[in-house]
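Chemist: Dumping the structure here so I can ask a few things about it.
Nothing in this text is a laboratory measurement; each read-out follows from the coordinates by a stated rule. Just so we're clear, the structure is a prediction, and the values are computed from it rather than from any experiment. Cβ: placed from backbone, ideal geometry, glycine included. Neighbour counts: every protein chain shown.
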Amino acid sequence: MLSTRLFRELYHHMEWADAEVWRAISQTAEAEGDQALHDKLYHTHATQRVFLQLWSGESIDRYDPSRFSSLKEIYEWVQSYHDNATQFLSSLNDADLDNPLLIPWSRMFERALGKPPEPTTLGETLFQVANHTTYHRGQINSRLRELGGEPPLVDYIAWIWGGRPEPVWKSY
């Protein structure tokens, strides 16, 4: 069911959508000082990055929203993630997606689940990151609208109908 081709496409869309949202943020003066927006952007992109670190066997960064004092600093950090994720995805084959993956922080959710977490695969976590990003991108867009900005249309189908445009990362 899951395929590396699908994930390459989903992550291409994710980069495009992230770039579009950041473009809209950069055009909204009220965004820079908004702590809620800062924290949601950090959470979204830190989650992307921590999973990539896990997949790649790298050490995991400590979660710390205060590590970036401005949205510009987060923006610059985000761009390198997408290049690294693209490289990682290009190294995979479909069989890799079924590899079990131990997520060190999964036991934190045991109480909420009411039982120990079930085993997880690489493919399932790739899917999780794309879905998690989409979920929080919607929250970010809602906050952007509350701040007087104009959230971009970043639905996957809009990306397809638009001819699968390349991401455009502009100066922040």
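Chemist: Just name one of SER66, THR28, PHE109: the one whose Cα is farthest towards the positive end of the charge dipole of the chain (beta-carbon charges, Lys/Arg +1, Asp/Glu -1).
Modeler: Checking the options against the dipole of the chain, the answer is PHE109.
Chemist: A further question follows. Determine, for VAL168, VAL50, the number of other Cβ atoms within 10 Å of each Cβ, and report the residues in order from fewest to most.
Modeler: Exposure proxy ranking, most exposed first: VAL168, VAL50.
Chemist: For the chain, what is the convex hull volume of the alpha-carbon atoms per residue, in Å³?
Modeler: Roughly 130 Å³ of hull volume per residue.
Chemist: Let me ask something else. With the Cα gyration tensor of region 131-172 in hand, convert its eigenvalues to equivalent ellipsoid semi-axes via √(5λ) and list them largest first in whole Å.
Modeler: Numbers: eigenvalues 75, 41, 22 Å².
The three semi-axes for region 131-172 are 19, 14, 10 Å.
Chemist: Turning to a different aspect of this structure: Helix 35-56: angle to the longest alpha-carbon principal axis of the chain, degrees 0 to 90, nearest 10?
Modeler: 30
Chemist: Can you list the residues, at least 5 places off or on another chain, whose amide H is less than 5 Å from the amide H of THR120, using H built in the peptide plane?
Modeler: Here LEU101 satisfy the definition.
Chemist: Calculate how steeply helix 4-26 sits against the longest principal axis of the alpha-carbon atoms of the chain, using the helix alpha-carbon long axis, and give the answer as 0 to 90 degrees to the nearest 10.
Modeler: That works out to roughly 20 degrees.
Chemist: Given an 8 Å cut-off on Cα distances and at least 6 residues of separation, report the relative contact order of the chain as a percent.
Modeler: For the chain, the relative contact order is 44 percent.
Chemist: Also, quick follow-up: Springs between alpha-carbon pairs under 10 angstrom, Gaussian network model over the chain: which of LEU41, LEU102, LEU126 fluctuates most?
Modeler: LEU102
Chemist: Got a sec? How would SER106, SER59 order by Cβ neighbour count within 10 Å, fewest to most?
Modeler: The most exposed by this proxy come first: SER59, SER106.
Chemist: Just rank ILE74, ILE103, ILE157, fewest to most, by other beta-carbon atoms within 10 angstrom.
Modeler: ILE157, ILE103, ILE74
Chemist: Same structure again: Helix-derived [θ] at 222 nm for the chain: sum -39500 (n - 2.57) over DSSP H runs of at least 4, divide by residue count, nearest 500?
Modeler: Using -39500 (n - 2.57) per qualifying helix, the result is -19500 deg cm²/dmol.
Chemist: Just to confirm the filter: which chymotrypsin sites (Phe, Trp or Tyr not before Pro) across region 68-169 are DSSP coil and have at most 11 other Cβ within 10 angstrom of their Cβ? Spell out each step's value before the answer.
Modeler: Details: sites: PHE68, TYR75, TRP77, TYR81, PHE88, TRP105, PHE109, PHE127, TYR135, TYR156, TRP159, TRP161, TRP169; in loops: PHE68, TRP105, TRP169.
The qualifying sites are TRP105.
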